[in-house]
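Each remark here refers to the structure printed beneath this line.
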Amino acid sequence: RREADRRSVREGDDERSSRAAWRLFYDHFLVGETAPAGGWLERCRQHADRAGDVAAGWLAIADADWSDRGGDSLGRRRRSSEAVEIARTVGDRDLLAMALQSHGRALIAGGEGRAGRRLLDEAMVSVVNDELDPLYTGWVFCNVVSTCFELADLRRAQQWSDAAVRWCDRGDVGRMYPGLCRVYAVELDALRGAWEAARAGVTRACADLHAYDPRYAASAQEVAGDLALRRGDLDGAADEYRRCRELGGAPHRGLALLRAARGDVTVALAELRALADAPSAPFPDAMLLLALADLAVEIGDASAVRLASERLTTLAADHPSDLVDALALAVRGELAVVEGDLVAALHDLVASAGRLTEYDVRHEAARRRVRIADVSARLGDHAHAVAELDAAIAVFDQLGATPDAVRARSDRAVLLGVGDPSSSSESASGPLSRREIDVLELVASGHTNRQVAGRLVISTHTVDRHMSNIRSKLGVSSRAAAIALAYEHGWLDGAAPASSNG
């Protein structure tokens, strides 16, 4: 391209020189080399000023992206709008599709999501109708799919992503883009529960992208880490996150959840709260806030649950999205549990699970069903609780989400009074079952509910239920009183501690 630029300059062809400089600008701009990118942009400008309207339209698109990188949202919107006007006037289809996606993304960034999405869809009609040069077909695909994904517009992202992958697989025509397209396909597959397809896609995407720009491959490695974590492969998750960091990525949410899975819950929660103070895009922000709420519920941090709920509610209002709305409902339900309004909690959790199921976000929908079961059991509806756990377990088993499946089965056993040591009514320890003694001994030794759950391979909600049963059986109102009474009657090994933190 540099040689093409030199040749067109020698020949005095400003149109060709402008396009060569435009391409060289993006060669550097898209991999973060801003100094040479800025130089080529100015070279493009010099030629475009003498070349006519078409060159001016391409320059306007580059200027819009340059303004975005510099934080000039008004400049981005103005220049992308000018590009659309020029393209419609000159009738250049490649230019129009590129201008439409540029201005659509600018409108979305400025809070005009509906108008912006309309322009993205208009650009995509030219793409799927094979009206564009392959370079711009792939370009528009990537920008539209990534924008829809970041906005948590899953249905639109899925439809365009499927079309993009089909195009990439058509012989050599998509050879420049398969890695980029597959990164978004991998993330969507992971979200909707197609975990095996996602794992295969990670391998293909990384193979395509390592030679282009490893930072894109880092996104695929992060998804691989998330999948390993959900399957209970903590060492595998750590390896994938390490590869992600080596490629220039930053799997912050995944690392925090890995830390929590290994027992360092307090630090993990602090990390998630810090990340929540640095928002990025609607979809990753929504998933982060959900993770924050889930972890806060497990350790009883009401302030963190409230923070997550407030921010998700604001996010849903500022960036309308079916998925964000569903996650906001889920966290609002968790907040209602914390505040003691179980009826309201059940309403919100059921609505959230239904929407997540409708949008095919299967793993998260199943996790909400586990929470519905817990709230239903507290309200005395054990039959509904067991039915919800059965539905969740079926999904976890199908996905291979082993830790979730183990905890859900433990919850189910407790509800049914079978298959779990805590179910036995006969005990050498007074009114308490063997499992209740196990729980109480760990609590008495200073373990948190989360740590007890990890030691006994049960959920924190099951630990909560055991403690509630213990207090009820012993006729006491606090865990400290339950521990003292158990020591007094010799149901716990050793001497009673001098004091308890309650």
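The values are calculated or read from the model by the stated rules, or taken from the named source; none is laboratory data. These numbers were taken from a predicted model, which means no experiment stands behind them. FYI the Cβ positions are ideal-geometry reconstructions off the backbone, even for glycines, and counts take in every protein chain you see. Calculation scope for accessible area: heavy atoms of the full protein, side chains included, ligands and nucleic acids excluded. Shrake-Rupley method; radii C 1.70, N 1.55, O 1.52, S 1.80 Å.
Would you mind counting up the charge near residue 36? Only other residues with Cβ under 12 Å from its Cβ, with Lys and Arg at +1 and Asp and Glu at -1. Each step should come with its number before you reach the end.
Details: positive: 2, 43; negative: 27, 33, 42.
Net of charged neighbours comes to -1.
Cα centroids of segment 432-448 and segment 348-372: how far apart, whole angstrom?
About 32 Å separates the Cα centre of segment 432-448 from the one of segment 348-372.
Once you have all Cα-Cα distances for the chain, histogram them in 10 Å bins from zero and send the whole-percent values.
Over the chain, the share of Cα pairs per 10 Å bin runs 4, 17, 25, 21, 14, 9, 6, 3, 1, 0 percent.
Please determine, in degrees from 0 to 90 and to the nearest 10, the orientation of helix 195-209 with respect to the longest principal axis defined by the Cα atoms of the chain, where the helix direction is its Cα long axis.
So the helix axis and the longest Cα principal axis differ by about 40 degrees.
Find out how many positive minus negative residues lie around residue 348, taking Lys and Arg as positive, Asp and Glu as negative, among other residues whose Cβ is under 9 Å from that of residue 348.
On the way: positive: 332; negative: 334.
Every neighbour counted, the sum reads 0.
Using a probe radius of 1.4 Å on heavy atoms only, what accessible surface per residue do you get for the chain? Whole Å² is fine. Please list the in-between numbers first.
On the way: 21790 Å² over 502 residues.
Per residue, the chain has an accessible area of 43 Å².
Grab the other residues whose beta carbon is less than 9 angstrom from that of residue 24, score K and R as +1, D and E as -1, and report the net.
Values: positive: 1, 2, 23, 43; negative: 5, 27.
It works out to a net charge of +2.
Based on the mean of other Cβ atoms within 10 Å per residue, sort peptides 389-401, 274-286 so the most packed one is first. Don't skip to the answer; put the middle values down first.
Numbers: 389-401: 20.0, 274-286: 16.2.
Final packing ranking: 389-401, 274-286.
Rounded if a/c is under 1.5, else prolate if a/b beats b/c, else oblate: with a ≥ b ≥ c from the C-alpha gyration tensor eigenvalues square-rooted, which is segment 246-344? Please list the in-between numbers first.
Details: a/c = 2.32, a/b = 1.19, b/c = 1.94.
Oblate is the answer for segment 246-344, as a/c is 1.5 or above yet b/c matches or exceeds a/b.
Once you order the gyration tensor axes a ≥ b ≥ c over the Cα atoms, which shape class does segment 2-79 get: rounded for a/c under 1.5, otherwise prolate or oblate by comparing a/b with b/c? Write out the running numbers ahead of the final one.
Working: a/c = 2.96, a/b = 1.46, b/c = 2.03.
Cα axes put segment 2-79 in the oblate bin.
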